[in-house]
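One structure is given here, and the rest of the page talks about it.
Every number here is computed from the coordinates shown, using simple stated rules; none is lab data. Remember, it's a predicted structure, so these values are computed and weren't measured experimentally. Because the Cβ atoms are built from the backbone with ideal geometry, glycine has one as well, and the counts that use them run over all protein chains shown.
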Amino acid sequence: MSQQSLLEVEDLHVDFATPKGLVQAVRGVSFSLGREKLGVVGESGSGKSVTGRAILKLVRPPGHVRAKRLAFDGIDLQGCDERAMRTVRGKRISMVMQEPKFSLNPVMTVGAQIAEAYRVHGQASAADTKRRALEMLQAVRIRDPERVYAAYPHEVSGGMGQRIMIAMMLIPNPDLLIADEPTSALDVTVQLQVLAILDDLVSQRGMGLIFISHDLSLVASFCDRVMIMYGGRVMEVCDAKHLNEARHPYTRGLLNCLPRIEAGGPDGGADLPVLRRDPAWLEQGL
């Protein structure tokens with residue numbers, strides 16, 4: 001692993017045994033990540049979320065994970081047992097799940113849940129734990145942290161719930177954050193606020209970020225690089241600022257299907273084109 005790389009993934013496969021046969025959710029995915037923002041995009045079922053879970057060894061039976069290399073900051077993740085992984089999860093690598101508000105415990109206050117995330121990964125007094133939790137709520141731009149600290153999850157809005165989960169995942173000060181569509185359920189205004197928070201925190205802390213999303217335009221404006229997945233394979237990796245110049249036909253198809261206010265379809269017609277898929281892409285990959 002180079003000094004610049006936090007994460008190295010080589011030839012990652014994730015399979016699920018089902019009554020109807022073997023499902024290959026991830027097929028030979030390889031990439032590296034430094035202290036940067038990597039966007040992972042693709043249709044539903046392309047293997048984005050499963051890839052993130054496999055990195056943290058959160059794929060349970062009947063799922064089976066194998067890879068030539070799966071290493072984080074010099075640690076061989078494949079060789080880690082569950083006890084060793086507990087020192088990595090949260091403290092070194094955190095993950096914000098899809099629709100994170102619904103990952104909150106409904107019978108615990110917000111403050112108790114954030115404080116628990118801090119205490120699990122280090123010794124701290126009750127006073128210090130509360131102070132750190134309030135600092136994190138302020139860091140994610142919650143205006144009245146004392147009130148939110150004492151609130152229950154059903155008493156906060158969806159956007160605030162997203163921010164609370166981000167605070168909870170970042171309070172152990174991890175080196176890598178995996179964010180699985182953390183803004184998908186938010187309106188555009190709140191979405192931009194959450195992204196600005198993530199951008200600031202990643203920049204200030206020198207973290208790495210894997211940002212999983214369906215939104216190509218969002219990823220292109222927010223991330224440094226973009227990895228496009230289809231059918232469990234990587235089709236293409238490109239600089240986010242040059243995403244519109246992508247060459248793979250699948251990426252071109254996704255871009256062409258984006259609606260344009262000025263003219264409906266990309267060629268001036270009223271209808272958007274249909275994304276055409278080539279079965280050969282599943283055998284090729286990157």
Under a Cβ-only charge scheme (Lys and Arg +1, Asp and Glu -1), can you give me the dipole magnitude of the chain about the Cα centre, in debye to the nearest 20?
680 debye
Quick one: 3J(HN,Hα) in Hz for the range 231-238, Karplus 6.51/-1.76/1.60 with θ = phi - 60°, rounded, Gly and Pro as x.
x, x, 10, 8, 7, 6, 10, 8
Cut-off under 5 Å, modelled amide H: who pairs with L6 long-range
L33, G34, R35
With -39,500 (n - 2.57) per DSSP H segment of 4 or more residues and division by the full residue count of the chain, the 222 nm estimate, nearest 500 deg cm²/dmol, is -9500 deg cm²/dmol
The range 1-115, Rg to Rh (Cα coordinates; Rh as Kirkwood inverse mean 1/r)
0.99
If you average the C-alpha positions of the range 232-257 and of the range 171-195 separately, how far apart do those two centres end up, in angstrom?
23 Å
Whole-Hz couplings from phi, Karplus 6.51/-1.76/1.60, listed for the range 69-81; x for Gly and Pro
8, 9, 10, 10, 6, x, 9, 7, 5, 5, x, 7, 7
For K57, give me every one of the lysines with a C-alpha distance below 20 angstrom, ignoring sequence neighbours fewer than eight places off in its own chain.
K48, K68, K91
Report the antiparallel proportion of the DSSP beta bridges in the range 108-236 as a percent, rounded to a multiple of 5.
40 percent
Tell me which of G90, L7, M165 sits at the most positive position along the dipole axis of the chain, charges placed on C-beta atoms (Lys, Arg +1; Asp, Glu -1).
G90
For Q123 and T18 in the same chain, what is the full-extension length gain: residue separation times 0.36 nm, less their Cα-Cα distance, in nm?
33.5 nm
At R0 = 41 Å, FRET efficiency that the Cβ-Cβ distance of D278 and E82 yields, to 0.05:
0.50
Name the residues whose placed amide hydrogens come within less than 5 Å of the amide hydrogen of I178, ignoring near sequence neighbours (fewer than 5 apart) on the same chain.
S94, M95, V96, I210
Karplus-derived 3J(HN,Hα), 6.51/-1.76/1.60, for each residue of the range 102-108, Hz, glycine and proline x
7, 8, 6, 6, x, 9, 10
Shape category assigned to the range 1-63 from the gyration tensor of Cα positions, a/c cut at 1.5:
prolate
Restricting to the chain, compute how many DSSP beta bridges are antiparallel as a %, nearest 5.
60 percent
Near the amide H of V40, under 5 Å away, which other amide H atoms are found, from residues 5 or more places off or on another chain, if H is placed in the peptide plane?
F211, I212, S213, M227
Peptides 76-84, 143-151, 47-55 ordered by average Cβ neighbours within 10 Å, highest first:
47-55, 143-151, 76-84
Packing-ranked peptide list from 123-131, 152-160, 31-39, 208-216, highest mean Cβ count within 10 angstrom first, is 208-216, 31-39, 152-160, 123-131
